[in-house]
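Notes follow once the structure below has been shown.
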Amino acid sequence: MIERLIRRFIQEPDRTKDPRVREQYGLLSGGVGIFLNLLLSGGKFCAGLLTGSVSITADAFNNLSDAGSSVVTLVGFRLAGQRADDEHPFGHGRIEYLAGLLVSLLILVVGVELGWSSLQKILHPEAVRFSAMSVGILLASIAVKLWMCRFNRYLSKKLESAAMAATALDSLSDAVATTAVLLAAVAGQFTSIPVDGWAGLLVSAFILRGGWQAARDTVDPLLGQSTDEALTEEIRSIVLSHPQVVGMHDLIIHDYGPGRTMMSFHAEVARDARLVEIHEAVDHIERELKDRLGIETVIHIDPVAADDAATDRCRALVEEAVRAVAPELTLHDFQCMACGDHTDVSFDVVAPHKLAVDDDTLTSMILQRIQAADPRCYAVIQIDRA
């Protein structure tokens with residue numbers, strides 16, 4: 001059924017990096033969510049009035065807020081699909097992340113309000129009337145929410161969309177919450193304990209947990225997160241498959257929304273290579289990365305000594321000194337020049353953010369190691385945190 005919906009409403013559904021196609025997916029997800037959640041909200045509200053159950057009524061408002069969340073998703077994808085303009089030269093793709101964040105905040109608000117209502121029900125319990133119709137509505141709601149979870153999870157994986165992943169997680173939380181409400185409605189007929197209030201409290205906990213996870217997943221790309229290791233290795237494999245490039249470093253990827261990614265890195269090339277040949281190779285690499293990964297790329301060229309025995313020996317000495325300070329340190333941009341009775345070297349050291357040593361102290365420690373290994377070696381060091 002999901003594939004049938006996609007074929008019915010999405011043109012060129014496999015072009016998931018195309019902003020226009022993503023917009024169509026967002027409209028489909030939002031439209032389905034609005035229709036089903038309004039339907040569920042109306043049914044549960046009627047059931048809540050018939051039974052006097054605070055948990056069922058709260059679940060109805062939960063579905064109503066989900067309909068609002070679907071409106072946010074729909075509008076968010078619509079806005080994210082706008083073309084770049086003078087004020088936003090990289091497009092509007094990050095609106096998709098903002099839409100996911102707003103959905104998460106709505107989930108959290110509903111969770112807090114439901115928790116408060118449930119607490120009042122525990123402190124001031126009221127009798128809940130049992131109704132076969134309400135049980136039927138709750139069972140239908142669980143089935144619908146599980147399907148919506150599967151639907152949005154399928155779309156989120158297809159599009160790699162945090163907003164749709166948040167919606168899928170919300171649907172799953174709703175299914176669990178409604179299950180708790182159903183069990184409470186049945187159990188309330190056999191005990192005087194305010195099961196309805198406790199069930200509502202449990203529902204609110206599920207909703208808050210889901211909202212927190214969804215918020216975290218949408219905040220990370222907005223703040224800027226580490227590059228996926230698999231993508232990094234694929235980029236490295238493509239770049240180093242060209243014989244003109246002997247190494248690469250300082251890879252930075254800028255995420256301006258799904259399908260709108262830019263990156264830059266330094267490519268190490270032999271310092272005696274012909275400039276025209278290197279320029280042609282770099283242009284080819286940029287086009288290949290765009291065609292295969294859909295990423296706009298800017299490459300900076302670093303000339304290095306290749307196949308030079310003296311430079312290789314000096315580099316090996318320096319690498320050993322750097323690793324002796326901390327095994328996780330690496331170096332790049334290594335330059336070596338013999339100057340009479342001493343050797344000048346310069347290089348960058350990549351240090352992880354978690355390394356609890358400031359840059360000046362780290363530089364001093366590395367210099368001491370190099371001097372101890374070869375007093376005639378003078379180094380200029382740049383520390384990069386990554």
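Here are some notes:
- Scalar couplings 3J(HN,Hα) for the range 111-120, obtained by applying the Karplus form with A = 6.51, B = -1.76, C = 1.60 to θ = phi - 60°, are x, 5, 5, 5, x, 5, 4, 5, 4, 5 Hz; x denotes Gly and Pro.
- Globularity index of the range 100-178, i.e. its alpha-carbon radius of gyration over 2.2 N^0.38 Å: 1.34
- Kirkwood Rh in Å, taken over all unlike Cα pairs in the range 1-71: 13.5
- Ordered by the number of other Cβ atoms lying within 10 Å of each residue's own Cβ, fewest first, Phe90, Phe190, Phe347 fall into the sequence Phe190, Phe90, Phe347.
- Rounded FRET efficiency, nearest 0.05, which uses the C-beta distance separating Ser237 from Lys354 and R0 of 41 Å: 0.95
- Between Arg271 and Ser346, residue separation times 0.36 nm minus the direct Cα-Cα distance comes to 25.5 nm.
- Environment charge of Arg323, counting only residues whose C-beta is closer than 13 Å and scoring Lys/Arg +1, Asp/Glu -1: -1
- 10 Å Cβ shell holding at most 14 others, DSSP loop, trypsin sites (Lys or Arg not before Pro): longest site-free stretch of the chain: 130-270
- With a Förster radius of 22 Å applied to the beta-carbon distance between Ala84 and Arg15, the computed FRET efficiency rounds to 0.75.
- Computed over the range 171-255, the P(r) curve from all C-alpha pair distances, binned at 5 Å from the origin, holds 3, 12, 14, 11, 9, 8, 7, 7, 6, 7, 6, 4, 3, 2, 1, 0 percent per bin.
- The chain, Cα convex hull volume normalised per residue, Å³: 179
- Counting only alpha carbon atoms, the long axis of helix 19-51 and the longest principal axis of the chain meet at about 30°.
- Taking other Cβ atoms within 10 Å as a rough exposure proxy, Cys149, Cys314 sort from fewest to most as Cys149, Cys314.
- Cα-projected label distance for Asp250 with Ser226, points at 7 Å along beta-carbon direction, nm: 2.2
- Directionally averaged projected area (the range 5-44, Cα convex hull): 2.9 nm².
- Stretching Ala140 away from Glu319 to a fully extended chain increases their span by 58.0 nm, per 0.36 nm per residue minus the current alpha-carbon distance.
- Within the shell defined by Cβ-Cβ distances under 15 Å, the residues around Glu12 carry a net charge of +3, with Lys and Arg each +1 and Asp and Glu each -1.
- Cα long-axis angle, helix 132-159 against the chain (0 to 90 degrees, to the nearest 10): 20
- Rounded to 10°, Cα long-axis angle of helix 195-223 versus longest principal axis of the chain: 30
Since every read-out is calculated from the coordinates, none of them should be taken as a lab result. Computed from a predicted structure; not experimentally measured. No Cβ is skipped: glycine too gets one built from the backbone with ideal geometry, and neighbour counts run over all protein chains shown.
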